[in-house]
Each structure stands twice: as structure tokens, then as C-alpha cells.
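J.: If you scroll down you'll find the structure; I have some questions about it.
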Amino acid sequence: MVSFIIAIVLLVLGYFLYSKVIERIIGVDPKRVTPAVAHPDGVDYVPMKPWRVFLIQFLNIAGVGPICGAIMGAQFGTASFLWIVFGCIFAGAVHDFISGFISIRMDGASLPEIHGKYLGNGMKQFMRGFTVLLMILVGAVFVNTPAVLLNQNFTPDWNIYIWVGIIFAYYLLATLLPIDKVIGKIYPVFGILLLAMSVAIVVAFVVYRVPVPEVWDGLENRHPKAASNPIFPMMFISIACGAISGFHATQSPLMARCMVNEKQARPIFYGAMITEGVVALIWAAAATYFFHDKPELCIGKSGNDMVGVIANEWFPKAIAVICILGVISAAVTSGDTALRSARLIVADFMHVDQKPIPKRLLVALPVFVLAAALLIFSLADKEGFQVIWRYFSWANQFLSMVTLWAITVFLSRHLPGKAWYWITLIPALFMSMVTISFLLVAEKEGLGSVLPRTAGYCIAAVITLALGVLFFLKKKHIETIK
């Protein structure tokens, strides 16, 4: 429990100390006019109150990642605590803050447009397709999770596709209507559920005097299939949203179009990520206890299943229901904005005016059809959801890696002659190593079944080093031209 308390304190200190350093480095200007003030359109560019923007951002990025992802990551043991804390403070929150800030400065630009400005037109074209595909994966994952949880816990006699239809209908409304009409109205309610769920878990720690394993007791790999699941890179892929997530940077432009002052960027972008880190840490600590002390309850359980195990083991029915509803709300509030983001990204690069509803529908429908196809696959095959989740997790981390490189280039150009780009260069190199080695080491998803693990790590290290060298060569070339 001491490790858990120290981890929470470090996350809070990260917000109050390190985020202010980042704010000074990037040069936040409270007098600069934001996109929402410059040209509100009543649909996507809508000035909103800071507390409402924060809640929307928090719920957009939370999803089931900091819950189910943290639970699956907790299988590796207390090493998950370290990744959540240091990943969140020095990588994830910085990634969210600076990418959101760049979007504000680029008039609310979508993420692929940011990639294009700093990494070139070829990368922009590739990331347009890749990011939309990730949003569709998120939409499918975050229909599956709430539909399954609602069906299992509240309406076991229903056909699950009834819930699928209800959730998809809501997603379509949230995608098409102005952001302040649906999302801006109901997110505070969902936010209360998500935070109440986290508070309930912490109360359970105190009431039951839960002996959460300590970091100093050992960082060995406790995964039940440790031989085929090394901590690096598997844990860093499993715990995405609670430490760093490329998906977050796709959501930041939504809020960049609603903020009325650049000073709001630090609490909204960096602060929301720290809050998510706290939620992830709470669930990781709870799951670590169950995996360590009550393994018989965890055999064969997925991340979704473990939510029910933890809630029903510790709480009376009413509080267990709040916990499950909190997870459902987390999934719903990321699924709707993921599909909304996909609409905006497609509309941006196709230059489709989004004021008329028919044009919004024209862009949204193909996105929903593809999401529905993936969802049917995930429900038809018991392993289908796990396959989609694994590829979603890798794509998520790959996107964070590309965004970190774009941010690093931004810092090198924004602050010429200064070396502040190191604050994102190190995370960019680390995430490059994570995502590349996953493809070479993972046995099911990559080449791990045919390539010796040592060889996989060596190849990944060489590619990562090459990316670092390429950055410095390009940087030197640009400085020479100037």
C-alpha cells in the first residue's frame, strides 16, 4: 500500500511541478485568440466553460484503457506501477499537452495535419488513413465492452445486439450533433460515475486493509504466461491509456476547438492525463492484489471480467453496480468521440463543410459501417475481441510514437538553438523501441514465433537508433539552410 500512496503523490507532484515547466517551454500565451473565439461555428468550434472542457477531455481519453488495460498490465506485477507513474508524467501527459497546444496554434487542426506539418506530406497521407482506422477500431472496441457488460450484468435474457443497436444509435447522434448539445450535456454525469467508481475502490483498500504488493518486494514478471509475455514490450503495450496513448492526441483537437484561453491547455490536457493515470493506478493496484493473493478468482478472466470480479468481491450490490456503470460510461464516452474524431479527420482532408447535417452524415456513415463490421467479428468469435484489442493497443502506441516525433520536431523548430526537444526525444525513442520490438518479439501478433527474441530486440534497437540519427541529420540540415 505504501508504494501505491507514493505513486499517487508522484502523479500529483508531476502535475503541479513538471507541467509548469512544459508550459513555460512551449510559451503558452493567455492573450492569444483561440480558434473557438476566432470563428465559432456552432458545431465543432464552440466556446465552452473550462470545467466542462476538462471533463469532456478526461472522459474522451479515459475509455476502458486505464481500467481494462491497467488490469491486464497488472498481470506483470508491480512493474506496472512504475510505468503508469513515470510514463504518465514524462511521456503521456507531455504528449497530450503539447499536441493539444499545437492544435490550438494550428486553428484546431486534426492530428494527421500536425504530423504533416512536422514530419512531411508523405507521413500526413499515411497517418490520415492510419488514424481513421484506429478511430474505427476504438469505436468497435468501445461498443463491444459496454454492450457485453450491460448484457451480462443487467439484461442476461436479452440478445446482445439490442444493446449494440442502442449504443450505436447514441454514437451516431453524438457524432452528428453539435458538441455542446449531447456530449457537453451528459458527460458531467458520466464523469461523476467514473470518479465515484475510483473512489469506491480506494475506500475498499482502506476498509479491507488490502495488502497491495509493494514495488520493493520485487519487479519480477508475474504474468501467468511469462515465458511468452516479457515485460518489455508486452506490459508497455497492454497499459496504454494509463501511461501514454496516441488516441489522446486524436481527441485533443476536439477540445482545442472549444477552449477560450491558451492558459486552459495545461489543466485540460496535462491535468486530464494525470487524472487518468490516477484511475489506472487504482485499478492496477486492485488487480495486482487479486492476481497476487486470489489467483483462483482470476483464472481465464479478461479485463472486462475482472471488473466484475473486483466489484462483486468487495462491494454490496448497489456499489458494485456503480463500479460497473462507471466502466460502461468510460467506454461510451470514448467510443462516441472516437467516431466523431474520425468524421472530423475525414472532413478535414476531403474539405467537406460540416455545418450541414446531410454532409456530416455523408462522412460519418462509411465510418459507422466499418466499425459495425469489426464489431460483428468481435462478437461472433470468442477470440475476436482479444484480437481487435491487441491490434488496437499496438496501433495506439504506434500513433503515440509518431506524435512524439512530430512534437520533437516542433520543439526543435519552435525553440531554435535550445535543446528542449530532449523532453520528448527520449520518450519518442523509448516508444519507438516499444512498438518496433513488439512486432518482432510478440509470438501471436508479430514475428516472435519464428525470430529469436534476442535478434528481435537487436533489430528494434538498430531501427530506433536509426530514427534518432535521422532526426539529428534532418535537424542539422535545416539549421544549415537557415
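J.: Determine whether the range 260-273 contains at least one residue that is modelled with pLDDT under 85 and closer than 20 Å to V189 by Cβ.
T.: The answer is no, given that none of the residues of the range 260-273 is modelled with pLDDT under 85 and closer than 20 Å to V189 by Cβ.
Matching residues to (1) within 21 Å of the chain's Cα centre (by Cα); (2) hydrophobic (A, V, I, L, M, F, W, C):
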| residue | (1), (2) |
| --- | --- |
| I5 | no, yes |
| I22 | yes, yes |
| I26 | no, yes |
| G42 | no, no |
| P66 | yes, no |
| A74 | yes, yes |
| I84 | yes, yes |
| H95 | yes, no |
| G108 | yes, no |
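J.: Take K181 and tell me if it is under 30 Å from F315 (Cβ atoms), among the basic types (K, R), out of contact with any Gly (no Cβ under 6 Å at 6 or more places or on another chain) and free of Cβ contacts under 8 Å to residues at least 40 places away in the same chain. Give the steps one after another, and end with the answer.
T.: Working: under 30 Å from F315 (Cβ atoms): no; among the basic types (K, R): yes; out of contact with any Gly (no Cβ under 6 Å at 6 or more places or on another chain): yes; free of Cβ contacts under 8 Å to residues at least 40 places away in the same chain: yes.
When the stated conditions are applied, K181 does not pass them.
J.: Could you give every pair whose Cβ atoms fall below 6 Å, whose first residue belongs to the range 342-369 and is in contact (Cβ under 8 Å) with a residue 40 or more places away in the chain and assigned to a helix (DSSP H, G or I), and whose second residue is surrounded by 15 or more Cβ atoms within 10 Å (Cβ to Cβ) and among the basic types (K, R), counting only separations of at least 6 or pairs across chains?
T.: F349/R128; A364/R343
J.: Quick check on A240: is it surrounded by 18 or more Cβ atoms within 10 Å (Cβ to Cβ), of a type outside the set (D, E, K, R) and more than 25 Å from the chain's Cα centre (by Cα)?
T.: no
J.: Any residue at all in the range 55-78 that is under 15 Å from K263 (Cβ atoms), out of contact with any Phe, Trp or Tyr (no Cβ under 8 Å at 6 or more places or on another chain) and not in a helix (DSSP H, G or I)?
T.: no
J.: Looking only at the range 173-191, which residues are assigned to a helix (DSSP H, G or I) and either modelled with pLDDT under 80 or surrounded by fewer than 17 Cβ atoms within 10 Å (Cβ to Cβ) (or both)?
T.: Selection gives L173, I183, G184, K185, I186, Y187, P188, V189, F190, G191.
J.: Taking into account only those residues within the range 436-459 that are among the hydrophobic types (A, V, I, L, M, F, W, C) and touching a residue at least 60 places away in the same chain (Cβ under 8 Å), which is farthest from K474 (Cα to Cα)? Before you say what the answer is, go through the steps one by one.
T.: The first filter runs over the range 436-459 and keeps only residues among the hydrophobic types (A, V, I, L, M, F, W, C), leaving 436, 438-442, 447, 450-451, 455, 458-459.
Still in the list and also touching a residue at least 60 places away in the same chain (Cβ under 8 Å): 438, 441-442.
Working: F438: 27, V441: 30, A442: 32 Å.
Out of the qualifying residues, it is A442.
J.: Quick one: is D107 buried (at least 21 other Cβ atoms within 10 Å of the Cβ) and charged (D, E, K, R)?
T.: No, not satisfied.
J.: For K124, all conditions in the list (1) among the charged types (D, E, K, R); (2) within 16 Å of D348 (Cβ to Cβ); (3) within 18 Å of the chain's Cα centre (by Cα) hold save one; what is the number of the exception?
T.: Condition (3) is where K124 drops out.
J.: Please list, ordered by first then second residue, the pairs with beta carbon atoms under 7 Å, 6 or more apart or interchain, first in the range 409-435 and in contact (Cβ under 8 Å) with a residue 60 or more places away in the chain, second assigned to a helix (DSSP H, G or I) and of a type in the set (S, T, N, Q).
T.: From the range 409-435, the pairs are L411/T424; T424/T408; M431/Q397; M431/S400; M433/T464; V434/Q397; T435/Q397.
J.: Quick check: is even one residue across the range 268-277 surrounded by fewer than 24 Cβ atoms within 10 Å (Cβ to Cβ) and of a type outside the set (V, I, T)?
T.: Among the residues of the range 268-277, at least one is surrounded by fewer than 24 Cβ atoms within 10 Å (Cβ to Cβ) and of a type outside the set (V, I, T), which makes the answer yes.
J.: Going by what's in this entry, would R32 be described as among the basic types (K, R) and in contact with a helix residue (DSSP H, G or I) (Cβ under 7 Å, 6 or more places away or on another chain)?
T.: Taking the combined requirement at face value, the residue satisfies it.
J.: Going through R52, R32, R24 one at a time, which residue ends up being of a type outside the set (S, T, N, Q) and touching a Phe, Trp or Tyr at 6+ places or on another chain (Cβ under 9 Å)?
T.: Within the list R52, R32, R24, the selection yields R52.
J.: Tell me which of these C68 doesn't satisfy, since it passes every other one: (1) closer than 25 Å to I310 by Cα; (2) in contact with a Lys or Arg (Cβ under 9 Å, 6 or more places away or on another chain).
T.: Single failed check for C68: (2).
The values are calculated or read from the model by the stated rules, or taken from the named source; none is laboratory data. Predicted, not measured: the structure shown is a model, and the values here were computed from it. Note that each Cβ is placed from the backbone with ideal geometry, even for glycine, and that neighbours are counted across all protein chains shown.
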